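A.B. asks: Please see the structure below; I have some questions.
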Amino acid sequence: MRTRPLELTDDQLTDCLFLGWGLSAERLEYVSVGGGSHHWLADNADGERHWVTVDGVANHGFLGALPADAFSGLRCALDTALALREMGLEFVVAPLCSKRGQTVEPLGARCAVAVYPCLVGTSGKFGAPRSADERAQVVDVLVRLHQATPAVTALARPWQVSPASRRALEDALDNLEQPWVGGPFSEPARATVAGHAPALRRLLATFDQLAAEVAAAGADQVITHGEPHPANFIRADGRLFLVDWDTVAFGPPERDLWMVAADAGVELARYTALTGHQVNATALRLYRLRWLIDDISIVVGDFRSPHAQTADMAHAWHSLLRSFASPDIW
């Protein structure tokens, strides 16, 4: 996130880190990266550095509709990441346990805090192309992750095929004739959605058809990361590390694979050779469309809600325009 939460002070976060993890943070630096979570670098007096994330559980819809459900969902996801790390998947960047042995701790009624080791390395950029060697390395990481499924069978949760955010888009499509009054982006968003309404309805119908076909075909359920795009990989000490595990869940392998497959299909052939799983092309398209629908739905819901002119809202506006430029819309 590019704008730090105004309701959270450095003193509040410092107290949480000390009470929860025994960390004496002498310096906090807000880091404007990513989406969904807020991030800080925390430096101790002895020079030790940690990566701190804060999630607003009141608006974390894919983890749970209510704050308590979202907090529980986040803890389940981070517990899963920790279990994967402890079973030997060294590429998993899992949170550090608090003094109570928890992967995440509450900060007030609306925030959840997690603490991670700070990796010094280079991360990718969302949407940036990968080299053939990089794609092969990512496939190898995903193979090891998917094959670790038995270790977290009793811990992880299933991933819903249809995004919870979809309701916001369907409601928006049903309310295009009256003004949207949430903030400065509301009316521009309404005009843009109205101009793409037929295409959006076709997109939702296509998604439903693909979901029915994939369900009828049946699929192996494995533990998936959900967002293995370049920005969630860090290269440090010559190795790849995978971060951002709040979306970890059971799903078909294609939930991860669509993000790494190139047109030639070399990566999918490599995955099949290593696992024996025949990749379902329909499922690849299903999860690609799911990502697009989720992106559009979340932003449209934000623009129909109270909001101000912030860097995050401006970024969301440009993201919406990029989504509508996607060939999948048509």
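Derivation of every value follows stated rules applied to the coordinates shown; laboratory data play no part. These figures come from a predicted structure and were not determined experimentally. Note that each Cβ is placed from the backbone with ideal geometry, even for glycine, and that neighbours are counted across all protein chains shown.
A.B. asks: Taking R0 as 30 Å, what FRET efficiency do you get between Glu170 and Arg4 from their Cβ-Cβ distance, rounded to the nearest 0.05?
C.D. replies: Values: r = 32 Å, r/R0 = 1.07.
Rounded to the nearest 0.05, the efficiency is 0.40.
A.B. asks: So if I place +1 on the C-beta of Lys and Arg and -1 on the C-beta of Asp and Glu, and nothing else carries charge, what would the dipole magnitude of the stretch 121-217 be about its Cα centre? I want it in debye, nearest 20.
C.D. replies: It works out to roughly 240 debye.
A.B. asks: Just to be sure I understand: if I project the alpha-carbon convex hull of the stretch 119-325 onto a plane and average over all orientations, what area do I get in nm²?
C.D. replies: Averaged projected hull area, Cα only: 13.1 nm².
A.B. asks: GNM on the chain, C-alpha springs below 10 Å: top fluctuator among Leu200, Leu292, Leu19?
C.D. replies: Leu19
A.B. asks: To continue, here is another question. Given only helices, namely DSSP H runs of n ≥ 4 each adding -39500 (n - 2.57), what is the per-residue ellipticity at 222 nm of the chain, to the nearest 500 deg cm²/dmol?
C.D. replies: Details: 10 runs with 138 residues, N = 330.
So the calculated ellipticity at 222 nm is -13500 deg cm²/dmol.
A.B. asks: To one decimal place, what Kirkwood hydrodynamic radius in Å is obtained for the stretch 1-42 from all pairs of distinct Cα atoms?
C.D. replies: Values: mean 1/r = 0.0923 Å⁻¹.
Final number for the Kirkwood radius of the stretch 1-42 is 10.8 Å.
A.B. asks: Give the residue list of chymotrypsin sites (Phe, Trp or Tyr not before Pro) in the stretch 164-210 that are DSSP loop and have at most 11 other beta-carbon atoms within 10 angstrom.
C.D. replies: Working: sites: Trp180, Phe185, Phe207; in loops: Trp180, Phe185.
Nothing satisfies the criteria.
A.B. asks: Just how large is the dipole of the chain about the Cα centre, in debye to the nearest 20, putting +1 at every Lys and Arg Cβ and -1 at every Asp and Glu Cβ? Write down the numbers at each step before the final one.
C.D. replies: Details: 28 positive and 39 negative charges, 105 e Å.
Dipole magnitude for the chain comes out near 500 debye.
A.B. asks: For the stretch 1-118, what is the largest minus smallest coordinate of the Cα atoms on each principal axis, given in angstrom and ordered from greatest to least?
C.D. replies: Principal-axis extents of the Cα atoms in the stretch 1-118, largest first: 37, 36, 26 Å.
A.B. asks: Next question. In the stretch 257-318, with Lys and Arg counted as +1 and Asp and Glu as -1 at Cβ, which of these residues, Thr310, Val260, Gln278, has the Cα nearest the positive end of the dipole, that is, farthest along it?
C.D. replies: Highest projection toward the positive end goes to Gln278.
A.B. asks: Now, a different point. Ordered by packing density, taken as the mean number of other Cβ atoms within 10 Å over each peptide's residues, highest first, how do 215-228, 126-139 rank?
C.D. replies: Values: 215-228: 17.4, 126-139: 14.3.
Ranked from most to least packed, the peptides come out as 215-228, 126-139.
A.B. asks: Given a Förster radius of 30 Å and the C-beta distance between Ala68 and Thr149 as r, what FRET efficiency does 1/(1 + (r/R0)^6) yield to the nearest 0.05? All intermediate terms of the calculation are to be shown ahead of the outcome.
C.D. replies: Values: r = 28 Å, r/R0 = 0.93.
Calculated transfer efficiency: 0.60.
A.B. asks: Remind me, what semi-axes does the stretch 141-199 give for its equivalent ellipsoid, largest first in whole Å, using sqrt of 5 times each Cα gyration tensor eigenvalue?
C.D. replies: On the way: eigenvalues 321, 30, 25 Å².
Ellipsoid semi-axes (Å, largest first): 40, 12, 11.
A.B. asks: Computed over the Cα atoms of the stretch 206-313, what is the convex hull's projected area averaged over all directions, in nm²?
C.D. replies: Numbers: hull surface 37.9 nm².
With every direction weighted equally, the projected area is 9.5 nm².
A.B. asks: In whole Å, what are the extents of the stretch 47-89 along the principal axes defined by its C-alpha atoms, from largest to smallest?
C.D. replies: Over the stretch 47-89, Cα extents along the principal axes are 34, 29, 12 Å.
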